[in-house]
Amino acid sequence: MKKQLAALAAALVLTGSAYAAAPTTVLEKADATETAVYGSVQVGALVDRVNQLDQTVYGEQRSGNLNDKVDELYQSISGV
């Protein structure tokens, strides 16, 4: 249920900024995903922020490299 609500919120946030450039860096994608999920960019180390997003979106902290995790989170939330 949380994932569905997060996806809906992300769709609303991301479609509202149709003229904004799509995020390309890991940090930009993490920021966009946090904004969609939490309503704002979080503070702290990027690794900790991504682990928290994993927990919120997937219900667990997944293993893997940071770039892949951020790409997968961004794709899950934005539908890109």
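I'm told S76 meets every condition in (1) part of a helix (DSSP H, G or I); (2) over 23 Å from A21 (Cβ atoms) except one. Can you identify the failing condition by its number?
Among (1) part of a helix (DSSP H, G or I); (2) over 23 Å from A21 (Cβ atoms), S76 violates only (2).
Is there any pair with a first residue in segment 63-80 that is touching a residue at least 12 places away in the same chain (Cβ under 8 Å) and a second that is not in a helix (DSSP H, G or I) whose Cβ atoms are under 9 Å apart and which are 6 or more apart or on different chains, and what are they?
Note: pairs meeting the criteria are K69/R62; K69/S63; Y74/P23; Y74/V80; S78/A22; S78/P23; V80/A22.
For segment 48-67, give me each residue that is out of contact with any Leu (no Cβ under 9 Å at 6 or more places or on another chain) and part of a helix (DSSP H, G or I).
D48, R49, N51, Q52, Q55, T56, N67
None of the figures in this text is laboratory data; all of them are computed from the coordinates on show. This structure is a prediction, so every number in the text was calculated from the model and none was measured. FYI the Cβ positions are ideal-geometry reconstructions off the backbone, even for glycines, and counts take in every protein chain you see.
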